[in-house]
1. Can you name the residue in segment 78-133 that is among the aromatic types (F, W, Y) and under 19 Å from R321 (Cβ atoms) and is also surrounded by the most Cβ atoms within 10 Å (Cβ to Cβ) among such residues?
2. So, in segment 230-267, exactly how many residues are under 18 Å from F131 (Cα atoms) and part of a helix (DSSP H, G or I)?
3. Given the conditions (1) of a type in the set (S, T, Y); (2) part of a helix (DSSP H, G or I); (3) touching a Pro at 6+ places or on another chain (Cβ under 9 Å), report the number of the one that S81 does not fulfil.
4. Take L267 and tell me if it is touching a Phe, Trp or Tyr at 6+ places or on another chain (Cβ under 7 Å), more than 30 Å from W215 (Cα to Cα) and crowded, with 16+ Cβ neighbours inside 10 Å.
5. Find the residue count for segment 288-318, including only residues that are touching a Leu at 6+ places or on another chain (Cβ under 8 Å) and either loosely packed, with under 14 Cβ neighbours inside 10 Å or not hydrophobic (A, V, I, L, M, F, W, C) (or both).
6. Tell me which residues, restricted to segment 268-300, are assigned to a helix (DSSP H, G or I) and either within 15 Å of D54 (Cβ to Cβ) or of a type in the set (G, A, S) (or both).
7. Confirm whether A195 is part of a helix (DSSP H, G or I) and crowded, with 17+ Cβ neighbours inside 10 Å.
8. Note down all Cβ pairs under 8 Å where the first residue falls in segment 205-225 and is closer than 13 Å to T286 by Cα and without any contact (Cβ under 8 Å) to a residue 40 or more places away in the chain, the second is of a type in the set (D, E) and outside any loop (DSSP other than H, G, I, E, B), and they're at least six residues apart or on different chains.
Amino acid sequence: MIRTIGKTIVASLIVMLFPLSAMAENWNLYTYISTTSIIPGKAIEDLAKQIEKDANGDLDVHVHLGGSLPIKATNITQAVSQGGTIQIADDGFPYGNVPVAGVLNLPMLLPTEEKFQKALDVMMPELKKSFAKKGVELLATYHYTLQVLWSRDKMNSFADINGMKIRVTSPQQAAFIRAFGGTPVTIGTPEVAPALQRGVVAGVITSSTGGGSIWKDLLTHTYRLGPNFFTSYIIANKKAFDSLDPKLQETVRRAAQTVAEHITEQLRSSEKETTRKMAEHGMVVTPAKQSDIQDGIKRMEPYWKKWASEHGPETTQALERIRDAIQ
């Protein structure tokens, strides 16, 4: 009896000293986005809160914004794969580790939201398989609206790209800039503002609700045409994810998918209004020219096949499936 009472007292002390929340699984969530002042940044913060709420104390998620950890934006997939520092991430630059994802970025291939969504639906099984090969679980994707051209100087046609240094987010965007005589510069999101201030780059490719909102005070012109949509991937370390209880796995996946859908819809619905407000404050906004659309497709079509062939048969097949789907 005394021994039983003693065990009860010890158990009570353990609960008092180490509450149940302290026994929860702890994950670090890293995003390439450096601020919560834009829609995706705030939503990723909300994702962590939603997972914690739905997990009922079984999983704590700590958010780290872009630049707060010594992880380059282009190395996020690798960092998640290793699983030491971060277990879950918002990854916008997986192309070095998952090349097939670059098909969705091929310049001028998917010029409309409708075509992009068809291509994404076709690609999802291949994307999940390719991430899994790296030890990464693909939970969900979201995407920004069409990535268009922005500059500190005049920018009202593709001709203005000539001779300009422009920040890009993928090798595909880099090929697009080179095709029109510009110099592509690849840097992570946290480094863009200093690069614009110092003149390292004169322009960027982004959307109004993305980088346009962050860097609007450093830019003067936007031409509403560009090479591609920008996709972000919410991913988790596969080993860490698989170790969770199946119900908790579903909780994490469901939260990621819900937040991803919310981000995409908010970005889509806010783009036009955000651009209008920028114009009211002095941003020079130039609508897309049909001649540039036709010129862009003509120049970039040979690149699509060349790029795909350089990345192997899986990528070539993915491109063929997409082109069949969007016809």
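1. Going residue by residue through segment 78-133, those that are among the aromatic types (F, W, Y) are 93, 95, 116, 131.
Now narrow it down to the ones that are under 19 Å from R321 (Cβ atoms): 95, 116, 131.
Working: Y95: 19, F116: 21, F131: 26.
Among them, the one singled out is F131.
2. 11
3. (3)
4. Numbers: touching a Phe, Trp or Tyr at 6+ places or on another chain (Cβ under 7 Å): yes; more than 30 Å from W215 (Cα to Cα): no; crowded, with 16+ Cβ neighbours inside 10 Å: yes.
Judged against the criteria, L267 is not a match.
5. Let us first name the residues in segment 288-318 that are touching a Leu at 6+ places or on another chain (Cβ under 8 Å), namely 288-289, 292-293, 296, 300, 303-305, 307-308.
Keeping just the survivors that are either loosely packed, with under 14 Cβ neighbours inside 10 Å or not hydrophobic (A, V, I, L, M, F, W, C) (or both) gives 289, 292, 296, 303, 305.
Here the count works out to 5.
6. As a first pass, look at segment 268-300 and keep what is assigned to a helix (DSSP H, G or I): 268-280, 290-300.
Result: S269, S270, A279, S291, G296.
7. Considered against the rule, which asks whether it is part of a helix (DSSP H, G or I) and crowded, with 17+ Cβ neighbours inside 10 Å, A195 comes out as yes.
8. none
Any read-out appearing in this document is the output of simple, stated calculations on the displayed coordinates, not a laboratory observation. None of these values were measured; they are calculated from a predicted model. Ideal geometry is used to build each Cβ from the backbone, glycine not excepted, and the neighbour counts take in all protein chains shown.
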